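Comments concern the structure below.
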Ligand SMILES: [Zn+2]
């Protein structure tokens, strides 16, 4: 049972907010101050496919103050196997609009902005510079390298997720932490390897696991709870249900993160 009077005096949360977010306010690592930070946070989700829809649902439910959703695509029947912000009737709608509708119904308190476009160049820079944390939920390597570069340019924490077939991957990069590598420290931008779920298949719940973990790391970044996944990449194999941890240090001479002072 929470002492609503004490909380209201301390942090000016409404009775409805105290009820709504009670389960996470009860966690000492979050508490009322963590909830206040969540309510003040602005998270950018690039790509609202399998990963992005799951992360967006949890971050909206948690009371993130502002979510910006970016994606150029429309909802298709083949998406519905894993992209769980969408339903059958939403086929043909812009994904960002359909996702906005679902999130607004889930939590009207969240301020939602949408960009129905791929983010590159100046638009990517402007959008990243305005957010507190960036979730890379895209499905192509070219975007991943550009997002990584721009996050380091504007010193924004980046939570990267990927999933294909029965496998998932999660990394967190924090430019302000000198122990943090970047995406380009261990991926080659000249690689021609660009696998997509539509060409290779993916199990829906695998995407759900990784998207949920992206939401977890975003909430930890905002609230300061726990320890972040810095200097490590997690690899998930659903067939054996095993996780592997890969240690990743900043690569000497990396042209993206090697410039930090
Ligand atoms: Zn690097």
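FYI, it's all coordinate maths here, none of it is from the lab. The model shown is predicted, which means the values in this text are computed figures rather than measured ones. Note: ideal-geometry Cβ built from the backbone for every residue, glycine included; neighbour counts use all protein chains shown.
Yes or no, residue by residue, for (1) buried (at least 20 other Cβ atoms within 10 Å of the Cβ); (2) within 16 Å of the ligand (Cβ to nearest atom); (3) more than 16 Å from residue 83 (Cα to Cα):
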residue	(1), (2), (3)
152	yes, yes, yes
170	yes, no, yes
178	no, yes, yes
184	yes, yes, yes
218	yes, no, yes
- Query: How about the range 186-203: which of its residues are more than 16 Å from the ligand (Cβ to nearest atom) and loosely packed, with under 15 Cβ neighbours inside 10 Å?
  - Reply: 192, 193, 194, 195, 196, 198, 199, 200, 201
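Out of all the residues in the range 237-252, which are more than 9 Å from the ligand (Cβ to nearest atom) and either surrounded by 14 or more Cβ atoms within 10 Å (Cβ to Cβ) or part of a loop (DSSP other than H, G, I, E, B) (or both)? Break it down stepwise before answering.
The first filter runs over the range 237-252 and keeps only residues more than 9 Å from the ligand (Cβ to nearest atom), leaving 237-249, 252.
Of everything in the range 237-252, those that are more than 9 Å from the ligand (Cβ to nearest atom) and either surrounded by 14 or more Cβ atoms within 10 Å (Cβ to Cβ) or part of a loop (DSSP other than H, G, I, E, B) (or both) turn out to be 237, 238, 239, 240, 241, 248, 249, 252.
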- Pairs under 6 Å by beta carbon, first residue over 16 Å from residue 70 (Cα atoms) and touching a residue at least 24 places away in the same chain (Cβ under 8 Å) in the range 143-158, partner outside any loop (DSSP other than H, G, I, E, B) and more than 13 Å from the ligand (Cβ to nearest atom), six or more apart or different chains? 154/128; 154/129; 156/128; 156/134; 157/133; 157/221
- Please verify whether the range 10-17 includes one or more residues that are part of a loop (DSSP other than H, G, I, E, B), under 18 Å from the mean Cα position of the chain (by Cα) and buried (at least 16 other Cβ atoms within 10 Å of the Cβ). no
